[in-house]
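Worksheet: the structure to be examined is printed underneath.
The values are calculated or read from the model by the stated rules, or taken from the named source; none is laboratory data. Keep in mind that this is a model prediction, so the values were computed, not measured. Methodologically, a virtual Cβ is constructed for each residue, glycine included, from the backbone with ideal geometry; neighbour enumeration extends over all protein chains shown. Protein only, heavy atoms only, side chains kept; ligands, DNA and RNA dropped before computing areas. Shrake-Rupley method; radii C 1.70, N 1.55, O 1.52, S 1.80 Å.
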Amino acid sequence: MSDSWAISGLDLHLDLAGPRVRASLEAALREAVRGGRLRPGTRLPASRALATDLGIARNTVADCYAQLVAEGWLSARQGSGTWVAERAPSVSPAAPGPVAAAARRIRYDLRTGVPDVSAFPRQAWLAAGRKALGAAPAQALGYTDPRGLPQLREALAGYLARARGVAVAPDRVVVCAGFAQGLELLCEALRARGATTLAAEALGYPRHWRIAEKSGLSVTAVSVDDGGAVTAGLSPADALLLTPTHQFPLGVPLAPARRRQAADWASSAGAVIVEDDYDGELRYDRPAVGALQALAPEHVVYAGTASKSLAPGLRLGWLVLPARLVDDVVAVKSAAGRLSSSLDQLTLAEFLTSGAYDRQVRRVRLAYRRTCRS
Ligand SMILES: Cc1ncc(COP(=O)(O)O)c(C=O)c1O
């Protein structure tokens, strides 16, 4: 016999108070409709299914539905079940909040750091997700490796070496929820190793300063000019946060001599540079500069994100770590259960290996270039 009645319809939570089961079921349903928890047009579970869920007789549910139909709360459609009656909602829809209202008003969004999210490749992303999920082993949906799924780390390593010149192997890659979480994990790991100071570009992203400070690091400012961060005579610090490809917010690349200077400083001081490569692949206004990390892979943490190339809402980013930091960062990540969604990771892996990521980057680059020139 088919079990479809048992799994069809919605899952409904009802509190049955008191000994009179039918009366309390009626009251609970009435209240759910009146209060808007059950919306007009919602199909109720089959009487047999609801009776099983609640541990009561099917007739009790059927009688109760009939009563509420008679009262006008529900409507029964021959052969197609019981529905919440179509009627004016008792609660008027909430007025649009300030964010929705502002979004409607904005014609040109000139905020820094926000990509054109309307260019997100929805169809290609869905196709990649469908393919990746179809092919994934069941284990990929369990509690997975806190470093990230091997498929994605492998795909990222290939992409980053090819497109950004990063010195990388999959076992150095840790997937994270955007750059912000990557920075947080790293600062916590460095703090746990005894680090106390982070130097950061004076003109930088204020949230990143706050993340470092929240982890217990004190942040000092490095001045910035039209060659990027001024790396000559850097004060002692355990770590240095840089945007070498595209200084945020000035937009200049770090001057070649300063790249070398920063890498030498980190190597000789035993410090760590955090290379925030937030939009390195998206250069549309000049040739892209390769990753600084390749100059000193054991002293530079390369950090990338899908927030600019795809969309910030994905919350996908990646760290490429010096060998000595991998275990510590992974320990911080797994201790707090900050694992990344398997579905998103599988999809991004497929997106990268199929070439869809490259195509999207090239498409967006072209669109930005055209907008820039028009
Ligand atoms: C300088 C800088 N780094 C990184 C990011 C990306 O952050 P996330 O990956 O956390 O979205 C941004 C976003 O605006 C940024 O401005």
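If packing is taken as the average count of other Cβ atoms within 10 Å, what order do 69-76, 48-55 fall into, highest mean first?
48-55, 69-76
Report, in degrees rounded to the nearest 10, the 0 to 90 angle that the Cα long axis of helix 323-335 makes with the longest principal axis of the chain.
Approximately 20 degrees, to the nearest 10.
Modelling each spin label as a point 7 Å along the Cα-to-Cβ direction, I'd like the ARG162/GLU86 distance in nm, to one decimal.
Here the answer is 5.3 nm between the modelled labels.
Would you mind telling me the share, in percent, of accessible area of the chain contributed by carbon and sulfur at probe 1.4 angstrom?
Of the solvent-accessible surface of the chain, carbon and sulfur hold 55 percent.
Compare the peptides 275-283, 39-47 by average per-residue count of other Cβ atoms within 10 angstrom and give them in order, highest first.
For the peptides 275-283, 39-47, the packing ranking is 275-283, 39-47.
Among bridges DSSP assigns within the chain, what percent are antiparallel (round to 5)?
Antiparallel: roughly 45 percent of the beta bridges in the chain.
Once the piece of chain linking SER354 and VAL21 is laid out straight, how much longer is it, given 0.36 nm per residue of separation minus the C-alpha distance between them?
My answer for the length gained is 114.1 nm.
Can you give the angle from 0 to 90° between the axis of helix 150-164 and the longest principal axis of the chain, with both taken from C-alpha atoms, to the nearest 10?
For helix 150-164, the angle is close to 40 degrees.
Using a Förster radius of 41 Å, what is the FRET efficiency between ASP109 and ALA76 based on their Cβ-Cβ separation? Nearest 0.05, please.
Efficiency for this residue pair is about 0.25.
With unit charges on the beta carbon (Lys/Arg positive, Asp/Glu negative), name the residue among ALA140, ALA76, LEU339 whose Cα is farthest towards the positive pole of the charge dipole of the chain.
Among ALA140, ALA76, LEU339, the one farthest towards the positive end of the dipole of the chain is ALA76.
Relative contact order for the chain: what percent, with Cα pairs under 8 Å and sequence separation of 6 or more?
Numbers: 567 pairs, mean separation 63.6, N = 374.
Reported as a whole number, the value is 17 percent.
Might you tell me the accessible area per residue for the range 189-323, computed with a 1.4 Å probe and given in Å²?
The answer is 37 Å² per residue.
In terms of solvent-accessible area of protein heavy atoms at a 1.4 angstrom probe, what is the ranking of ASP285, ASP225, ASP327, highest value first?
ASP327, ASP285, ASP225
Output the 0 to 90 degree angle, nearest 10, between the alpha-carbon long axis of helix 178-192 and the longest principal axis computed from the alpha carbons of the chain.
70
Give the accessible surface of the range 98-183 per residue, rounded to a whole number of Å², with probe radius 1.4 Å and ligands, DNA and RNA excluded.
Roughly 60 Å² per residue, with all protein chains present.
Pop the C-beta distance of ARG207 and ARG338 into the FRET formula with R0 = 22 Å and round what comes out to the nearest 0.05.
Working from the Cβ atoms, E equals 0.80.
Just tell me which aspartates and glutamates come within less than 19 Å, Cα to Cα, of LYS214; anything on the same chain fewer than 8 places away is out.
Result set, ordered by chain and number: GLU184, GLU188, GLU201, ASP238, ASP276, ASP328.
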